[in-house]
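Written below as structure tokens is the structure these notes are about.
The values are calculated or read from the model by the stated rules, or taken from the named source; none is laboratory data. What you are looking at is a predicted structure, and each value in this text was computed from that prediction instead of being measured. In this analysis, Cβ positions are derived from the backbone assuming ideal geometry, glycine residues included, and neighbour counts consider all displayed protein chains. Keep in mind that these areas ignore ligands, DNA and RNA; they rest on the heavy atoms of the full protein, side chains included. Shrake-Rupley method; radii C 1.70, N 1.55, O 1.52, S 1.80 Å.
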Amino acid sequence: MPLHLVKLCVGAASIEDLARWQANRLARARKTEKKAQLFHTTFQAPKRQDELLAGGSLYWVIKGQIQVRQRLDGFGEGKKEDGSPCCLLLLDPELVPVRPVPRRAFQGWRYLTGEDAPPDLAAAGDRALVEMPERLRRELAELCLI
């Protein structure tokens with residue numbers, strides 16, 4: 001079972017918001033870097049990196065629910081805009097919607113075991129659920145109907 005991370009997606013109201021933000025960031029990086037890489041910065045570096053890189057993903061909490069994941073491609077050292085050191089979570093650009101699961105707010109990131117990770121919507125085999133608008137999926141999950 002792979003090990004994953006779960007993190008709040010502060011400022012994004014939807015998966016589409018996250019996708020737009022990341023696409024803009026990647027486009028800016030491609031203008032200045034030969035090999036642009038999508039990443040997210042975090043203060044603490046995970047100690048269990050080998051386990052995370054064996055198929056792990058970063059699960060994003062948007063509006064109080066785990067809604068989407070991105071495969072972890074690696075880790076790096078970087079600096080935040082204020083110059084302080086940080087860990088870079090290197091991410092695959094593909095956003096994979098998952099079955100919405102409520103999650104309370106927390107700081108930083110948390111480990112998420114493979115058995116506790118929500119399944120991908122496409123893997124559930126319910127095409128109607130995959131094609132459903134995100135807002136409706138979120139509301140149905142809040143009502144415990146999916």
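Counting only strands (runs of 3 or more DSSP E) that fall entirely inside region 1-97 and contain at least 3 residues that are closer than 25 Å to Met132 by Cα and not small (Gly, Ala, Ser), the qualifying elements are 3-8, 57-62, 65-79. Among the conditions (1) in contact (Cβ under 8 Å) with a residue 60 or more places away in the chain; (2) closer than 16 Å to Phe39 by Cβ; (3) assigned to a loop (DSSP other than H, G, I, E, B), the only one that Ala117 does not satisfy is (2). Being without any contact (Cβ under 8 Å) to a residue 60 or more places away in the chain, within 24 Å of Arg137 (Cα to Cα) and open to solvent by 20 Å² or more (accessible area, probe 1.4 Å) is the requirement here; does Glu16 meet it? Here the answer is no, as Glu16 does not meet what is asked.
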